[in-house]
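The values are calculated or read from the model by the stated rules, or taken from the named source; none is laboratory data. Since this is a predicted model, take the numbers as computed values, not measurements. Here the Cβ is made from the backbone with ideal geometry for all residues, glycine too, and neighbour counts use every protein chain on show.
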Amino acid sequence: MAPQAHRHALRQNYWPTAAGAAIAFPRLDADIDCDVVVIGAGIMGLNAALELAGRGVSVAVVEAEHPAAAASGRNGGLVVPSLPRVGPLDVVRLLGDRYGPELVRLVADGAQTVFSTIERHQLKCDAVQGGWINPAHAGELVEGLQARVSAWQRAGSRATWLNAAEARQRIGSDTFHGALYDPSGGHLNPFGYTQELARVASEKGARIFCESPVLRVGSGGGRYVVHTPTGSITANTILQCTNAMQGGPQSLAPAVARSFVPLTVFQLATQVISADVRRTILKGNEALSDTRNNLFALRFTADGRIVTGGMAPVSQWMAEPRLLRSLARRMERIFPQLYEVKFDFIWSGGAALTPDFLPRLFEVGKNWFAPLGCNGRGIAMTTSLGQRLASYVVDRDPEVLPLPITSAAPIKAHTFARYVPQLLLPVGILQDAMRR
Ligand SMILES: Cc1cc2nc3c(=O)[nH]c(=O)nc-3n(C[C@H](O)[C@H](O)[C@H](O)COP(=O)(O)OP(=O)(O)OC[C@H]3O[C@@H](n4cnc5c(N)ncnc54)[C@H](O)[C@@H]3O)c2cc1C
């Protein structure tokens, strides 16, 4: 085990320390007018704003804190061309023939969309397109994962199958039984990516306002009026990209807030790993996430740390010390060469989970859209969905949408349902351990 893992003071969120200086955007302190107002400066909202500004639309972004304050600047940075748990066949079964194949294509191309966006706008965010590797942690999962590879291949994805020897060699651990490998995946500094999206969107003409929480949405003259404590924005269209950061009495759209389960996910960054050990793990600098219910994910940072993460089972009580111990032990079981590795950083963020693991595109009112629910694989999905939604707002061509526009459907017994994933995690962990 890693006995010293929590003996020194741990720092919060590693990503800002490794990103360039953040741009300071002003607070909204006037009453302004624009065509589209985006609420929330995460990856989704900023991709939409960038696309809109690039097409000459008058767009303003209004953010409660600063760009990358929430999940977009606090996630693991794995760029994954896949959905959590569901494969292409499930997507078509759930969404039907009109939207299913379109969403599958969007997901298969999702990582490439991220890296192409980074390339096109020269975003400085330590992006590495080293591939995404999704290994089977138990032999009994191999057949199902191979079938998943075939289904993704038929959908046009670049995924291939690595047998046990190939997977073990590439990963540097003999605990895996084969893997899905997609060379279009990779990793980045998510805080840097989001901040850079804000920089470029603002250079292209998007007006970005920080420390300006939207308190309520009113209307006047057939247009929306978005109110913050110190100003307002009148607009024709609202893109509400607030993800898991909503709910409570101040909720802008209560039905949307009850249509997903907010989930607290922790991330940890180790000390810098020695070059000798580093050479033995993920030899192509891939991003790894495996088949466990209690997902095991790992990637290296630009300065040679490992970022991994997990959820606290049952409750948030003593979550950090519990996770420090259990995640250190787990990492060591999979990679014995990481014996006694220490963590320097621990932080958490809020993800939005939908019951079927698919994203949503809600219409709160006419021309008020709320996309969300990218679950734990949101970097690629929010990038693609944000861009597509912006394109729809400009052209009104429904063909560009990979999802139907629907009304929010609140989850039954939401007050209880929001605790279900954490309560069920011990069952998932047990199932992970029993699989052979
Ligand atoms: C810990 C963690 C690890 C993850 N790891 C990965 C990963 O490795 N790979 C991956 O692909 N995905 C990962 N995800 C998921 C991914 O981070 C999210 O799906 C994605 O960042 C969501 O982006 P977003 O723009 O929709 O929302 P957010 O980044 O959550 O942005 C929403 C913004 O809205 C603002 N806001 C909310 N309410 C208001 C208001 N009333 N007024 C103004 N502003 C408001 C918030 O301040 C926030 O900045 C992870 C998530 C978490 C939490």
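Values for this structure:
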| read-out | value |
| --- | --- |
| Which listed residue is over 18 Å from residue 87 (Cβ atoms) and surrounded by fewer than 19 Cβ atoms within 10 Å (Cβ to Cβ), from 186, 131, 205, 192 | 205 |
| Set 268, 263, 323: member being within 30 Å of residue 166 (Cβ to Cβ), within 15 Å of the ligand (Cβ to nearest atom) and among the aliphatic types (A, V, I, L, M) | 268 |
| Close pairs (9 angstrom Cβ cut-off, 6 or more residues apart or separate chains): charged (D, E, K, R) in segment 325-343, part of a helix (DSSP H, G or I) and modelled with pLDDT of 90 or more anywhere | 332/338; 340/328; 340/332; 342/328 |
| Hits in segment 296-324 - residues which are at pLDDT 90 or above and either aromatic (Phe, Trp, Tyr) or in a loop (DSSP other than H, G, I, E, B) (or both) | 296, 300, 301, 302, 303, 304, 305 |
| Top-ranked residue in segment 91-108 [being within 19 Å of residue 132 (Cβ to Cβ) and either charged (D, E, K, R) or in contact with a strand residue (DSSP E or B) (Cβ under 9 Å, 6 or more places away or on another chain) (or both); ranked as nearest to the ligand (Cβ to nearest atom)] | 108 |
| Residue under evaluation residue 186, criteria (1) within 18 Å of residue 27 (Cβ to Cβ); (2) within 13 Å of the ligand (Cβ to nearest atom), criterion not met | (1) |
| Looking only at segment 403-436, and only at residues there that are at pLDDT 95 or above and of a type in the set (A, V, I, L, M, F, W, C), the one that is surrounded by the fewest Cβ atoms within 10 Å (Cβ to Cβ) | 405 |
| Filtered residue count, segment 367-399, keeping only those that are basic (Lys, Arg) and either farther than 18 Å from residue 108 by Cβ or more than 7 Å from the ligand (Cβ to nearest atom) (or both) | 2 |
| Looking only at segment 347-365, and only at residues there that are in contact with a strand residue (DSSP E or B) (Cβ under 6 Å, 6 or more places away or on another chain) and among the aromatic types (Phe, Trp, Tyr), the one that is farthest from the ligand (Cβ to nearest atom) | 362 |
| All positions within segment 377-402 that are crowded, with 21+ Cβ neighbours inside 10 Å and not in a helix (DSSP H, G or I) | 377, 402 |
| Given (1) among the basic types (Lys, Arg); (2) touching a His at 6+ places or on another chain (Cβ under 6 Å); (3) more than 10 Å from the ligand (Cβ to nearest atom), index of the condition residue 299 fails | (3) |
| Some residue of segment 62-81 being away from the ligand (no atom under 15 Å from the Cβ), touching a residue at least 60 places away in the same chain (Cβ under 8 Å) and surrounded by fewer than 21 Cβ atoms within 10 Å (Cβ to Cβ) | no |
| Qualifying residue in segment 170-188 (condition: of a type in the set (A, V, I, L, M), more than 23 Å from the chain's Cα centre (by Cα), at pLDDT 95 or above and not in a helix (DSSP H, G or I)) | no |
| Of all residues in segment 208-228 being near the ligand (Cβ under 10 Å from one of its atoms) and in a loop (DSSP other than H, G, I, E, B), the one that is surrounded by the most Cβ atoms within 10 Å (Cβ to Cβ) | 212 |
| Residue 310 being without any contact (Cβ under 8 Å) to a residue 60 or more places away in the chain, within 30 Å of residue 95 (Cβ to Cβ), within 14 Å of the ligand (Cβ to nearest atom) and buried (at least 16 other Cβ atoms within 10 Å of the Cβ) | yes |
